[in-house]
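See below for the structure under consideration.
Read-outs: derived from the displayed coordinates by stated rules, not from any lab. The structure displayed is predicted, hence computed values, not measured ones. Backbone-built Cβ (ideal geometry, glycine too); neighbour counts: all protein chains shown.
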Amino acid sequence: MNVKGDTSLHIAVVDGHDSVAKILLAAKPTLALVANTEGANALHSAAMHGHHELARLLLIACPSSIDTVDYQGMTPLLHAGFGNDELMGLFLAANPKNLNALRYDSENILHCAVKEGREDYVDQLLAMEPDLIRSLTDRGDTPLHLAMSLDADEHKQLIEKLLTLYPQAVRVTNKSGQTPFHIAVKKQKDSLIDLLQWGLSFDEVASSFSRFYKSFSGRLKPLVEAQCTPLLGKDVMGTVFDYLGLGTVVKQPAPEKAIEWFKAVREGDVSTVSRLLAEEPRLIDTVHQGKRYNGYTALHIAARCDSWL
């Protein structure tokens with residue numbers, strides 16, 4: 001061994017000498033499991049240097065080495081990454097069991113596959129270990145949280161798959177207090193917002209927007225339209241959406257009209273709500289001032305009132 005604890009097999013693997021490695025493994029197969037001062041055995045070295053043929057020889061000599069971890073907690077599969085499909089295919093065919101091992105950045109192999117947008121590997125990994133869909137990083141992120149960094153148009157099928165397999169993930173809060181939907185809203189990724197919002201209640205959607213914006217935006221239009229148009233009619237909702245799309249600063253309507261407005265909303269008085277909106281579209285953004293619904297808009301209140309169910 002040298003000062004780093006490398007055996008002659010480590011050195012042969014790093015240098016890519018297949019014939020030397022064959023001789024060493026034939027003489028002493030257990031060399032495949034000897035770790036250096038970093039906890040890495042020869043298969044870790046083969047993975048780090050992308051040597052497919054050497055990795056194949058090592059797996060034949062010692063199949064269990066596929067699940068070994070170095071001192072960083074890394075398996076050969078994690079070291080291989082997604083830049084070498086031939087090597088990844090070899091390692092996955094070796095049927096690794098230690099798929100929950102975490103990299104130095106607290107992400108397992110599924111988390112890495114999601115961040116790379118590799119739907120093919122996501123399918124393979126979840127077929128081998130379905131519970132990976134619920135796995136969390138040390139930051140509390142689900143695979144769906146990590147998918148928020150992807151282009152939703154390019155990776156729509158992958159994101160939809162993650163949602164289908166674990167629909168509750170859209171409500172999981174990480175250690176920063178953010179759900180996947182919060183991240184999509186914060187990044188203003190409309191295509192992601194459109195994908196995720198249908199799994200949430202209106203109040204959850206509205207509160208997410210309220211957290212990052214001072215008022216509602218046109219991005220809420222599809223959800224509001226679906227829930228409110230049957231009650232208020234297309235003409236009234238069209239007026240409201242025309243107003244919301246302007247992006248102007250909201251001025252509070254006359255106090256007496258606001259009082260009448262919130263009373264009608266609380267009581268589910270559709271005809272009065274429709275009339276007032278037609279007269280004064282700004283009411284849709286008016287904030288309630290009172291003990292029970294302080295800081296709420298009418299859309300928040302309607303989502304909580306039985307009279308609108």
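Give me the extension gain from Glu256 to Ala278: residue separation times 0.36 nm, minus the current Cα-Cα distance, reported in nm with one decimal.
6.3 nm
Quick one: length gained pulling Glu86 to Glu38 fully straight, 0.36 nm per residue minus the C-alpha distance?
Extra length from Glu86 to Glu38 when fully extended: 14.7 nm.
Which length gain, in nm to one decimal place, applies between Ala93 and Glu53 when the Cα-Cα distance is subtracted from 0.36 nm times their residue separation?
13.0 nm
In what sequence do Asp190, Asp6 fall when counting other Cβ within 10 Å, fewest first?
Ordered by Cβ neighbours within 10 Å, fewest first: Asp190, Asp6.
Along the principal axes of its C-alpha atoms, what lengths does the stretch 73-120 span, in descending order and rounded to whole Å?
Principal-axis extents of the Cα atoms in the stretch 73-120, largest first: 25, 22, 14 Å.
Measure out, as a whole number of angstrom, how far apart the alpha-carbon centroids of the stretch 49-77 and the stretch 18-38 sit.
Using only Cα atoms to place each centre, the spacing works out to 12 Å.
Run the simple label-point estimate for Asp105 and Val20 please: 7 Å along Cα→C-beta, distance reported in nm.
Roughly 3.3 nm, to one decimal.
R0 = 25 Å: FRET efficiency of Thr173 with Lys115, Cβ-based, nearest 0.05?
0.80
Kirkwood Rh, the stretch 1-98, all Cα pairs: how many Å?
On the way: mean 1/r = 0.0774 Å⁻¹.
Final number for the Kirkwood radius of the stretch 1-98 is 12.9 Å.
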